[in-house]
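The values are calculated or read from the model by the stated rules, or taken from the named source; none is laboratory data. Please read these numbers as outputs of a predicted model, since none were measured by experiment. Cβ sites come from the backbone with ideal geometry, for glycine too, and all protein chains shown count toward neighbours.
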Amino acid sequence: MQCALCRIKECTRGKNCSVIKSGLEYTGDNLKSIQTSAWLESDNVKRTKLEEIAIYAKRLGYTKIGVAFCIEYEREARLVYDILSRYFEVFSVCCKVCSFEKASLGIKKSENLEFEAVCNPIGQALLLNDDLTNLNIMLGLKTGYDILFAKYSEAPSIALPVEELPQLADSKIDVIE
């Protein structure tokens with residue numbers, strides 16, 4: 001497939017350009033997920049990504065949300081925790097959890113530190129797996145770390161753009177029950 005190169009986009013009018021449509025059926029949790037996503041897409045209310053995530057999670061019956069965050073965004077992680085904990089049981093884990101020495105990976109330390117911790121995205125995922133989270137939010141994880149986290153997370157994972165967080169400080173998310 002090369003959809004990025006297609007100028008016609010007949011798929012928006014029902015044309016099937018692929019072989020997967022035949023036999024493709026959404027059922028169970030996948031059906032509920034796509035219904036919720038389609039509703040969010042078609043609803044005219046302007047929402048932040050965090051609001052969409054909260055509504056999505058509520059509609060799918062999720063009760064436990066994990067937040068895997070980069071230590072650089074500790075303040076923002078606390079804000080996300082404070083907002084989501086109104087509706088969910090929230091678990092959070094910092095990127096440096098159970099950390100180990102950067103030099104042990106053959107990487108030169110970037111500063112003159114006695115110990116420079118490397119991030120531990122697999123550790124983050126395993127800890128949130130232990131918490132039995134239903135959905136995990138990745139907040140500020142660097143490229144590669146986010147990939148490893150998503151690979152080892154048992155719950156679906158979504159990235160939350162940190163750029164939108166400052167506007168949330170005074171907002172009140174309305175989660176539709």
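Table for the structure above
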read-out	value
Close pairs (8 angstrom Cβ cut-off, 6 or more residues apart or separate chains): over 16 Å from L132 (Cα atoms) in segment 152-164, outside any strand (DSSP E or B) and among the small types (G, A, S) anywhere	V162/G140
Test: residue in segment 106-122 that is surrounded by fewer than 17 Cβ atoms within 10 Å (Cβ to Cβ) and modelled with pLDDT of 95 or more	yes
Helices (runs of 4 or more DSSP H) wholly inside segment 1-86 containing at least 2 residues that are over 15 Å from the mean Cα position of the chain (by Cα) and exposed (fewer than 15 other Cβ atoms within 10 Å of the Cβ)	28-42, 74-84
Selected residue [at pLDDT 90 or above and not hydrophobic (A, V, I, L, M, F, W, C)] from E89, E101	E89
Output for segment 134-173, where each listed residue is surrounded by 21 or more Cβ atoms within 10 Å (Cβ to Cβ) and either of a type in the set (D, E, K, R) or at pLDDT below 95 (or both)	L165
Residue list for segment 88-104, filter: in a helix (DSSP H, G or I) and small (G, A, S)	A103, S104
Test: residue in segment 105-123 that is outside any helix (DSSP H, G or I), touching a residue at least 60 places away in the same chain (Cβ under 8 Å) and of a type in the set (V, I, T)	no
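Yes/no per residue for (1) farther than 28 Å from S153 by Cα; (2) of a type in the set (V, I, T); (3) free of Cβ contacts under 8 Å to residues at least 60 places away in the same chain:
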{"position": "E25", "(1), (2), (3)": "no, no, yes"}
{"position": "K32", "(1), (2), (3)": "no, no, yes"}
{"position": "A38", "(1), (2), (3)": "no, no, yes"}
{"position": "T48", "(1), (2), (3)": "no, yes, no"}
{"position": "I71", "(1), (2), (3)": "no, yes, yes"}
{"position": "I83", "(1), (2), (3)": "no, yes, no"}
{"position": "Y87", "(1), (2), (3)": "no, no, no"}
